[in-house]
Protein chains: 2
Amino acid sequence: MTSTTHHETRIVSDPDVPLVRITREFDAPAEKVFRAHVDPELFAQWTGPKGMEIRIDRHDCRTGGSYRYVMAQDGEEYAFNGAFHEVRENELIVQTFAFEGMPDDVALERLVLEDLGDGRCRLTSTSLVDSFEGRDGFVASGMEVGVNEGYEKLDELLARA
Amino acid sequence: MTSTTHHETRIVSDPDVPLVRITREFDAPAEKVFRAHVDPELFAQWTGPKGMEIRIDRHDCRTGGSYRYVMAQDGEEYAFNGAFHEVRENELIVQTFAFEGMPDDVALERLVLEDLGDGRCRLTSTSLVDSFEGRDGFVASGMEVGVNEGYEKLDELLARA
């Protein structure tokens, strides 16, 4: 039993450009949500679907840094990597993102945090790729489950920390 | 007087996605064109419009590296920076790109080199942004002059080296 409120996660495919926009509120200030993205130990505690193990190879979340992590479940491994274009404290992370199984499908991701007052904030995350087919394939791949479950784990982490 | 052949540079705005595609052939093998992008001293010799001075702050052109350079003309300075998502020798560079005067307009750039035989190669460079307005503004900003003149300087560098 937990009393943590899980807000709705909105995942919208843009009609005009090959972009997915994820919007989610958190009952925590932007600083805490930002830190949960930047700190490798915190990031590993909530990222990805429930039941997946995550191993962080590197997570140098600063402007000009890079990252790589491996998700594992039932003996299968899925590795992801990218570069941090810009990290602006408590506000913004712009990064690239690739699944190593499809290394030529690179996404440009932009995470924005807005303070909503009363210790709450809104996260908006966009993921831009170079084709609608690629974007729609990404949405159809089951990313929604990973995003929803990841943010539920993040709610719980934020409630504890 | 120079006998260097300047091939035509094609700059095409994609009708479906907010992307610009630049295509250019060079009378040099892919290895040499790749090196002219990776090596900071070579890169500084050809990048940008004629008459611009360029100062490289950093150019760590490897997977997970980053770059920053400043173009200067008539006392005005224009700084650019980004992160290298992936650098695959003689074949591919995927990077982010931002003009520091408009830091929130980040492009995802992808440079592909193809060997054409006879010591020639084709460069295809795409630049993806998150809106058609941003893409069209970038094309209208005079980038064509910088791209054309830069590649003419690159032709001459390749002919000498």
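The values are calculated or read from the model by the stated rules, or taken from the named source; none is laboratory data. All of these numbers come straight from a predicted model, not from anything done at the bench. Glycine gets a Cβ as well: all are built from the backbone with ideal geometry, and neighbour counts include every protein chain shown. Surface accessibility is based on the protein's heavy atoms, side chains included, excluding ligands, DNA and RNA. Shrake-Rupley method; radii C 1.70, N 1.55, O 1.52, S 1.80 Å.
Summed over qualifying helices (DSSP H, 4 residues or more, each -39500 (n - 2.57)) and divided by its residue number, chain A shows a 222 nm mean residue ellipticity of -7500 deg cm²/dmol.
Between A and B, roughly 2000 Å² of accessible area is buried in total, ligands, DNA and RNA not counted and the probe set to 1.4 Å. Largest accessible area first, the listed residues A:Val12, A:Val87 line up as A:Val12, A:Val87 when surface is computed with a 1.4 Å probe on the assembled protein chains.
Only Lys, Arg, Asp and Glu count, each charged at its Cβ (+1, +1, -1, -1), so figure out the dipole size of chain A about its Cα centre, rounded to 20 debye. Before the final figure, lay out each step's value.
Numbers: 17 positive and 32 negative charges, 79 e Å.
Using Cβ point charges on Lys, Arg, Asp and Glu, chain A gives about 380 debye.
Would you kindly derive the ³J(HN,Hα) couplings of the stretch A:28-35 from the backbone phi angles with the Karplus curve 6.51 cos²θ - 1.76 cosθ + 1.60 (θ = phi - 60°), listing them in order in whole Hz, with x for Gly and Pro? Residue by residue, the stretch A:28-35 yields 7, x, 3, 4, 6, 5, 4, 4 Hz.
Peptide A:155-161 has a mean of 0 when you count, residue by residue, the C-beta atoms of other protein chains within 10 Å of its C-beta.
Distance from the Cα centroid of the stretch B:30-46 to that of the stretch A:91-159 is 35 Å (rounded to whole angstrom). Between A:Ile11 and B:Val145, the FRET efficiency from the beta-carbon distance, with R0 = 35 Å, is close to 0.30.
Scan chain A and hand back the longest stretch that contains none of the trypsin sites (Lys or Arg not before Pro) lying in DSSP loops with at most 13 other Cβ atoms within 10 Å. Within chain A, the longest run free of exposed trypsin sites (Lys or Arg not before Pro) spans A:63-161. Measuring only protein heavy atoms, the 1.4 Å probe finds A:Ser141 accessible over about 80 Å².
Each other copy places its own label point for B:Gly119 at 7.2 nm from this one, sorted shortest first, where the point lies 7 Å along the Cα-to-beta carbon line.
Largest GNM mean-square fluctuation across B:Ala83, B:Ala140, B:Ala107, computed for chain B with C-alpha springs under 10 Å, falls on B:Ala140. By the Cα gyration tensor, the stretch B:67-124 has an equivalent ellipsoid whose semi-axes, rounded to whole angstrom, run 28, 15, 9 from largest to smallest. With the Kirkwood sum run over all distinct C-alpha pairs, chain B has a hydrodynamic radius of 16.1 Å.
Modelled this way, with points 7 Å down the Cα-to-C-beta line, the labels at B:Ile54 and A:Leu92 are 2.5 nm from one another. Expressed as a whole percent, the accessible surface of the protein assembly as shown that belongs to carbon and sulfur atoms is 47, based on a 1.4 Å probe. Computed from label points 7 Å out along Cα-Cβ, the spacing between A:Glu100 and A:Ala79 is 0.2 nm.
Rg/Rh for the stretch A:1-71 (Cα atoms only, Rh after Kirkwood) is 1.01.
In nanometers and ordered shortest first, the copy-to-copy spacing of the A:Pro103 label point, defined 7 Å from Cα toward Cβ, is 3.2.
When the other protein chains are added to the chain by itself, burial of at least 20 square angstrom of heavy-atom accessible area (probe 1.4 Å, ligands and nucleic acids ignored) affects these residues of the stretch B:100-128: B:Pro103, B:Asp104, B:Val106, B:Leu108, B:Arg110, B:Leu128. When B:Val129, A:Val112, A:Val33 are compared by accessible area of protein heavy atoms, the largest-first order is A:Val112, B:Val129, A:Val33, using a 1.4 Å probe.
In vacuum, with every alpha carbon of the protein assembly as shown counted as one equal point scatterer, what does the Debye formula give for log10 I(q)/I(0) at q = 0.16 Å⁻¹? Two decimals, please. Log10 I(q)/I(0), no solvent term: -1.38.
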